[in-house]
Amino acid sequence: MKFEGIVEGTFLRRPNRFIAHCLVEGKEIVAHVPNTGRLKEILVEGNRAILLHRPSPHRKTAYSLIGAYKKEDNGKETLIYFHSHNANDVIEEALRNKKIPSLTSRKDFQWTREKEYKNSHGKSRFDFHFSYTEGKEKKEGYIEIKGVTLVEGKKALFPDAPTERGARHLEHLSQAKEEGKRAIVLFLIQLQGPKTFHPNRKRDPFFGEMYDAAKKAGVEIWAYDSKVTENSIELGKELPVE
């Protein structure tokens, strides 16, 4: 997917989860941050920032901070996107263009976004519901997408902060699997460089427990990196998972 209205700036500070101050063309501006995660390894004062400039009378600010360049120990910079909703858009584009053949090669494969799942234990809203025909039988399942921005060495890690919602999604995917549906959690690493994916047990031990339980229940755990430029992001290659 390509972005229109990209401008480059310099990150200054983030007074709360929702806004950041950046320098754009010598002027300090306030930008919306479409990700409530920590992002402390990325949003460091002085780092180059990638912003969307979309003025609108319905917006409090004309800018959204959607990515930044993380400075590595070797002096190089790595571009990382962190717009929460972009991860879902990237996967939908990949499904439309048949870039995930283990799903899209299926007969009569179809999908919808934002599907509610309910059972006696509660409810979740998964990012995708899909169906296809296998033999004479109709199959269906769910996909939950998790955008990954935290990297240590060559390892991509999720989450970067405790996430009760993420743990609940894994629990409900396990329950959907027990009901006979396919259940997939797809970790989209929104950069290039990592070689493997791992749950971040140190930051969120409970999420790690739910990850193990989901794997044991038969939930499919996938990880992909992304091909990124300053005005685009698209699905990259599949990576090994822990």
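Computed about the Cα centre, the dipole magnitude for segment 147-229 is approximately 240 debye when only Lys and Arg (+1) and Asp and Glu (-1) carry charge, each at its Cβ. If I fit a long axis through the Cα atoms of helix 164-178 and take the longest principal axis of the Cα atoms of the chain, what angle between them do I get, 0 to 90°, rounded to 10? Approximately 20 degrees, to the nearest 10. Rounded to whole Å, the principal axis extents of the Cα atoms in segment 94-242 read 47, 35, 23, largest first. Helix 205-217 versus the longest principal axis of the chain: what angle, 0 to 90°, nearest 10, using Cα atoms? The helix 205-217 is inclined about 30 degrees to the chain. Protection proxy ranking of 210-223, 180-193, by the mean of other Cβ atoms within 10 Å over each peptide's residues and highest first, is 180-193, 210-223.
Taking chymotrypsin sites (Phe, Trp or Tyr not before Pro) across segment 1-96, the ones in a DSSP loop with at most 15 further Cβ atoms lying within 10 angstrom of their Cβ are PHE18.
Taking 8 Å as the Cα distance limit and 6 or more residues as the minimum spacing, I'd like the relative contact order of the chain as a percentage. Relative contact order, the chain: 15 percent. Each helix, a run of at least 4 DSSP H residues, gives -39500 (n - 2.57); summed and divided by the residues of the chain, these come to -5500 deg cm²/dmol at 222 nm. In a reduced charge model with +1 at each Lys and Arg Cβ and -1 at each Asp and Glu Cβ, segment 51-144 shows a dipole moment near 240 debye about its Cα centre. Put simply, the amide H of PHE187, placed in the peptide plane, has neighbours under 5 Å in LYS146, TRP222, ALA223, TYR224, leaving out anything fewer than 5 places away on its chain. Would you mind working out the magnitude of the charge dipole of the chain relative to its Cα centre, with +1 at each Lys and Arg C-beta and -1 at each Asp and Glu C-beta, to the nearest 20 Debye? Value, rounded to 20: 240 debye.
The overall shape of segment 1-143 is prolate: from the C-alpha gyration tensor, with semi-axes ordered a ≥ b ≥ c, the ratio a/c is 1.5 or greater and a/b exceeds b/c.
Kirkwood hydrodynamic radius for segment 125-185: how many Å is it when counted over pairs of different Cα atoms?
13.2
All other residues whose Cβ lies under 11 angstrom from that of ARG125 are scored, Lys and Arg at +1 and Asp and Glu at -1, for a net of +2.
No lab work stands behind these numbers, since they all come straight from the coordinates. Remember, predicted model here, so these are calculated numbers, not experimental data. Reconstructed Cβ throughout: ideal geometry from the backbone, glycine too, with neighbour counts over all protein chains shown.
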